[in-house]
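**Student:** The structure is given below, and queries will be raised subsequently.
Please treat every number below as a calculation from the coordinates, not as lab data. Bear in mind the structure is a predicted one, so any value in this text is a computation, not a measurement. Here Cβ is always computed from backbone atoms with ideal geometry, including for glycine, and neighbour counts include all displayed protein chains.
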Amino acid sequence: MDMMSPYEIVPILQGVPITSNRGALGWSSSTIIKGRDRILLFDTGSYGDRSLFLSRLADHGVTLDSIDLVVLSHFHFDHMVNAELLSSKRIVLSVPELEYIRSGSFDQAQDPFVPLAHIQTLHSSLYPVRDRQEIAPGVHVLFLPGHTPGSMGLWMPEQEVIVAGDAVKNRHDFVNNIPPPCFGSQEDALHSMHLVRTLASTILPGHDIPFSLARDGSTQPQCSPFPLHITISSQPNRSSLT
């Protein structure tokens, strides 16, 4: 029998696409996906976000202890440093991203954004997931490589929602088919953007506010209504991680 599983998608930190003469500010998105019996956190923000991150969680009745699963889009500091507050939880990364950081490939790619100390700090908490794996009823990981070899998002296929991380950094780049900076492959990055276009009607980017995508390819920022409330009809899944 199908089980109705309501989820509330809450942007805890809304990404901001700002660069300066000192480079990008790194204000990334962080999103809570709340169900009746579980809470998923997608990305955590960075040190400068920590106070706001914790206060926004509290505003939505979420404590660190109440989070069941942490999902990291990739292992860049602006998306994952606050995961150190959740090291007792299971923290999922894609199989290729885990290999990227543990093998030292990020150094060969001249990727300066991987925080070295956190590879060891979070070592025992990191859990690999495969492409399209269902980690909660109706919620799947979706590999979106390019920005890093193992970048991934979360995909809710029944609602056509993708939480994209830096595979879609902001609406402007997405509309103009501009790939993010690539420590993987630019070809992969463009393919990942195309995949998002084919699967999603609502996109939560890594460094911008959520936006909707129409069938004709036009986009519309979704300043409201958020939080976004969705209901997913799904069979209970024994392989769910939470």
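**Student:** Considering only DSSP beta bridges where both residues belong to the chain, give the percentage that are antiparallel (nearest 5).
**Tutor:** 70
**Student:** List every residue whose amide H lies under 5 Å from the amide H of TRP27, counting only residues 5 or more places away in sequence or on a different chain, with H placed 1.01 Å from N in the peptide plane.
**Tutor:** Amide H to amide H, under 5 Å and 5 or more residues apart or across chains, TRP27 pairs with VAL16, ILE18.
**Student:** Considering only DSSP states other than H, G, I, E and B, which trypsin sites (Lys or Arg not before Pro) in the stretch 70-136 qualify as loop sites with at most 13 other Cβ atoms within 10 Å?
**Tutor:** Here the sparse-neighbourhood loop sites are ARG130, ARG132.
**Student:** Gap in Å between the Cα centre of the stretch 113-147 and the Cα centre of the stretch 3-60?
**Tutor:** For the stretch 3-60 versus the stretch 113-147, the Cα centre distance is 16 Å.
**Student:** Highest GNM mean-square fluctuation, the chain, Cα pairs closer than 10 Å: which of GLN186, GLN133, GLN108?
**Tutor:** Maximum among the listed residues: GLN108.
**Student:** Order of MET80, MET152, MET193 from fewest to most other C-beta atoms within 10 Å?
**Tutor:** Sorted ascending by nearby Cβ count, the order is MET193, MET80, MET152.
**Student:** A further question on this structure: Collect residues whose amide H, placed 1.01 Å from N in the peptide plane, falls under 5 Å from the amide H of PHE183; neighbours closer than 5 in sequence don't count.
**Tutor:** The list, which skips near neighbours in sequence, is THR148.
**Student:** Dipole magnitude of the chain about its Cα centre, charges +1 at Lys/Arg Cβ and -1 at Asp/Glu Cβ only, in debye to the nearest 20?
**Tutor:** 240
**Student:** Which of SER28, GLN14, ILE39 sits closest to the plus end of the dipole of the chain, meaning its Cα is farthest towards the positive end, when Lys and Arg get +1 and Asp and Glu get -1 on the C-beta?
**Tutor:** ILE39
**Student:** Continuing with this model, one more query. Over the stretch 3-234, what is the relative contact order in percent, taking alpha-carbon pairs closer than 8 angstrom and at least six residues apart?
**Tutor:** 20
**Student:** Something else now. Each residue of the stretch 155-164 in turn: what ³J(HN,Hα) in whole Hz from Karplus with 6.51, -1.76, 1.60 and θ = phi - 60°, glycine and Pro shown as x?
**Tutor:** Karplus values, whole Hz, x for Gly and Pro: 10, 10, x, 5, 9, 6, 10, 10, 8, 9.
**Student:** Kyte-Doolittle mean at least -0.5 and Cα extent at least 18 Å along the axis: which DSSP H helices of the chain qualify?
**Tutor:** 186-199
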